1. Hey, does region A:50-66 have a residue that's of a type in the set (F, W, Y) and facing chain B (nearest Cβ under 9 Å)?
2. Taking region A:1-38, which residues are facing chain B (nearest Cβ under 10 Å) and small (G, A, S)?
3. How about region B:42-68: which of its residues are more than 7 Å from chain A (Cβ to nearest Cβ) and modelled with pLDDT of 80 or more?
4. Does A:V23 qualify as being assigned to a loop (DSSP other than H, G, I, E, B) and surrounded by fewer than 21 Cβ atoms within 10 Å (Cβ to Cβ)?
5. Just the residues that are at the interface with chain B (Cβ under 7 Å from one of its Cβ atoms) and modelled with pLDDT of 70 or more, please, taken from region A:153-167.
6. When region A:1-29 is examined, which residues are found to be more than 24 Å from A:L92 (Cβ to Cβ) and in contact with a Ser or Thr (Cβ under 8 Å, 6 or more places away or on another chain)?
Amino acid sequence: MLFEIIYGFAFITVAFAVSMFFVKKLLHAAVLLALVSIGSAIMFALTGSALVGIFQLLVFVGGLSTYFIVAFGSEPREERMSFKKELARLALFALSFIAIAGAIAYGFAKAPANSTTTAAQAQGNFISSLTAMFNSDYMLLYVVLLLLVAVATGSIIIAKKVVKLVV
Amino acid sequence: MLSALLAIGAALAAAGISGIIFSRNFVAIMFAVELIIISGIVIAVSFINSFINASTAAGAMLLISLWAIAAAEAIATVTLYAFMKARGSNFRVDKLNLLKW
C-alpha cells in the first residue's frame, strides 16, 4: 500500500513539474514549483527521511517559493501562442522529456551492473573521501561563506549597474 | 524505496532539462534550473539513505550545500529580474542582449 502511495505522489509531483512550463503566468509557475517541493518533501517523509522532508519544506516552500511568489506575482510570462504552436511545443517537450528521463533511468539501471567495483568498494572509495572532506568541523562554514561571497559579489556588480541606470 | 526516489529524481531532472530547452522566458529557465537542483536533492537523499552511514555528518553536509546552492540561485534570479526590470528589457532569452557590459 505504501508503495502505491509513494508512486502516486511521485506521479503528481512530476505532473506539477511538467505543467510548470505550460502555465501563462509566472505566479502560477512559482506556485507549481512550491507544489513540486511539497511533493518531494512528502516523498522524503514516506521513504523514512522525515527530517530531510521538514528541511525541504522550510527551505524551498517557506523560503524560496515565498520569495519567488512575492517577486514574480504580477509578471506575465509570455505572449500567447497559437493553438498549433502550443500543441507542437507540447509534443516536442513530451518527446524530449521521455528521451531524457529514459536516458537518465537507463544510466541508473546500468551503471552498477557495468561497474567493476561493488557498492561496498564504492562506499569505501568515494563516500569515505567525501566524508573526510565534509566531516571537518569548519566545512559547513566554508561552504556557506563561499556561496555568500559569490552571491554578494554578483549582487554588488549588478546593483552598481542598476544604480547607474536609476541615478 | 531507492528506486522510487531515483525514478522521481530522473523525471524531475528530465522535466528541468526539457524546460530549459523549450522555454524562452528567462525566469522560467531559472525555475527549470531550480527544478534540476530539487532533482539533485532527491537523488542525493536516495544515495545517502543507501550508502552513507547515518552516524556521519557527510550526508547532512551534502544536503545543506545543495540547499545553499538553491538559495543562492534564487537570490541571483530575483536580482537579475530586478536588474532587467529596471532596464525595461525583454525577458525572452532569444532577445536578450543586456548582459553585454
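1. yes
2. Those that are facing chain B (nearest Cβ under 10 Å) and small (G, A, S): A:A10, A:A15, A:A17, A:S19, A:A29, A:A30, A:S37.
3. Within region B:42-68, B:I43, B:A44, B:S46, B:F47, B:I48, B:L66 meet the criteria.
4. Here the answer is yes, as A:V23 does meet what is asked.
5. Correct list: A:G154, A:S155, A:I158, A:K161.
6. Passing the criteria: A:I6, A:L27.
The values are calculated or read from the model by the stated rules, or taken from the named source; none is laboratory data. What you are looking at is a predicted structure, and each value in this text was computed from that prediction instead of being measured. Note: ideal-geometry Cβ built from the backbone for every residue, glycine included; neighbour counts use all protein chains shown.
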